[in-house]
Amino acid sequence: MMSNVLKNIISSQGTCLIIPHQSPDGDCLGSSYTLSHFFERHQIKHHIIMDDVIPSNYTFLKKNNMLKSSDIKDDEKYDYAIILDTSSLDRIGASKSVLDKCASMIVIDHHKTNSFFGDTNIVEMVSSVGELLFNLYTEIDYVIDQEDAIGLYTSIVTDTGEFRYSNTTNKTLQVAAKLFETGFDFESCSREIFSNQPLEKVVLKSSSLSNIELYGNKQVALMIVSQQMLKQHNCDMFHSDGIVEAGRDISGIEVSVLLKEIDSNTVKVSMRSKSFLDVAEISLVFNGGGHNRAAGCTINAPLKEAKQLIIKEIESRL
Ligand SMILES: [Mn+2]
């Protein structure tokens, strides 16, 4: 078995930068939160790099030690960059200059499309990075507390779609049970995450869904969030979170696609599938990545063209 990276960091008192992926979600924010707490408890000097805006339903995971890439000074040096929930280098939520200041890169991830770009890669096909961190903690007999449970639970509950997706295993539920044993306030966590949507975000979602298009014998749902829609509803792109899942949850739909217009020649594609289509494979065609049931990629083309490309690729597999 690979020696436990966390144990090595503690024994060497290494300095660390925790780096989640771009457009942070519940898993990378929750796992950054607990890992930072773990380091605090072991007096390890560290920061979390957060260049993006944290979506409002995850602001309870904000930490005082969060810095932007640009806050890291030229002469600073760190022993480790710990990259969480990120399958490839181009998805990292920090500028490359930050990585250059770290002697070693440790990747902790659960994407099957992970490209093993770190010096050390801990990649396991579990529900979430939260579940993977829990396993690493258990290996070294670290006693998780309520603060850890807040981060770990957020990771697991969001990446499993509240324990509904096929990545939920009996191990996942056993981990959740262990978190509950700490007595942490899971109801307050759930409220923060799921019952805390800004009104403009809900209106954007409704606007996108009301213009839904169906393809592939009505098995494919396609939604769009354009720059013009963001302006109209006073939203940022991170407010598009949750739309692609709503498309998937329509009966008869196997694949849901959300096209996010970043600029006139860049479209980010999010995909969700319900029961059989491997959307990670489709993403790989466009140099993206992800999981069987949730994946994404970027297409450098105008919206209309990107739509044709992705629909063609999906329809050929149905
Ligand atoms: Mn994840």
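We did not get these values from a lab; they are worked out from the coordinates using the rules stated. In this text the structure is predicted, and so the values were computed from the model without any measurement. When we count neighbours, we look across all protein chains shown, and the Cβ atoms used for this are built from the backbone with ideal geometry, even at glycine.
Mind telling me which of 113, 34, 169 comes out most flexible in a GNM of the chain, alpha-carbon contacts under 10 Å?
169
In degrees between 0 and 90, to the nearest 10, how far off the longest principal axis of the chain does helix 26-41 point, with axes built from Cα atoms?
Orientation of helix 26-41: about 10 degrees from the principal axis.
Relative contact order for region 199-315: what is it in percent, counting Cα pairs under 8 Å that are at least 6 residues apart? Present the calculation step by step, with values, prior to reporting the outcome.
Numbers: 233 pairs, mean separation 23.1, N = 117.
Here the relative contact order equals 20 percent.
Just in region 219-318: which chymotrypsin sites (Phe, Trp or Tyr not before Pro) are loop by DSSP and have at most 12 other Cβ atoms within 10 Å?
276
Looking only at region 182-220, which residues have a backbone nitrogen under 20 Å from a spot 7 Å from the Cα of residue 229 in the C-beta direction?
Only 197-216, 218-220 pass the distance filter.
Per residue, what volume in Å³ does the convex hull of the Cα atoms of the chain enclose?
Hull volume normalised by residue count: 135 Å³.
For the pair residue 75 and residue 237, how long in nm is the line joining their label points, each one 7 Å along Cα→Cβ?
3.7 nm
Give the shape of region 199-315 as rounded, prolate or oblate, defined through the alpha-carbon gyration tensor: a ≥ b ≥ c are the square roots of its eigenvalues, a/c under 1.5 means rounded, and otherwise the shape is prolate if a/b is larger than b/c and oblate if not.
It comes out oblate by the Cα gyration axes.
When the helix-only estimate is applied to the chain (DSSP H runs of n ≥ 4, each -39,500 (n - 2.57), divided by the residue count), what is the mean residue ellipticity at 222 nm, nearest 500 deg cm²/dmol?
Values: 12 runs with 119 residues, N = 318.
Mean residue ellipticity, 222 nm, calculated: -11000 deg cm²/dmol.
Within region 5-194, what percent of beta bridges assigned by DSSP are antiparallel, to the nearest 5? The partial results should precede the final answer.
Values: 1 of 20 bridges.
The antiparallel proportion sits near 5 percent.
Once the piece of chain linking residue 195 and residue 317 is laid out straight, how much longer is it, given 0.36 nm per residue of separation minus the C-alpha distance between them?
Result: 40.3 nm gained on full extension.
Using mean Cβ contacts within 10 Å as the protection proxy, how do 75-85, 44-54, 186-196 order, highest first?
Top of the packing list down: 75-85, 44-54, 186-196.
Given the pairs 77/268; 96/201; 96/231; 96/205; 7/178; 96/312, which span a C-alpha to C-alpha distance of over 24 angstrom in this model?
Where the Cα-Cα span goes over 24 Å, the pairs concerned are 77/268; 96/201; 96/231; 96/205; 96/312.
Using the Kirkwood formula on the Cα atoms of region 119-214, what hydrodynamic radius do you get, in angstrom to one decimal? Kindly include the intermediate steps, with their values, before the conclusion.
Values: mean 1/r = 0.0660 Å⁻¹.
The answer is 15.2 Å.
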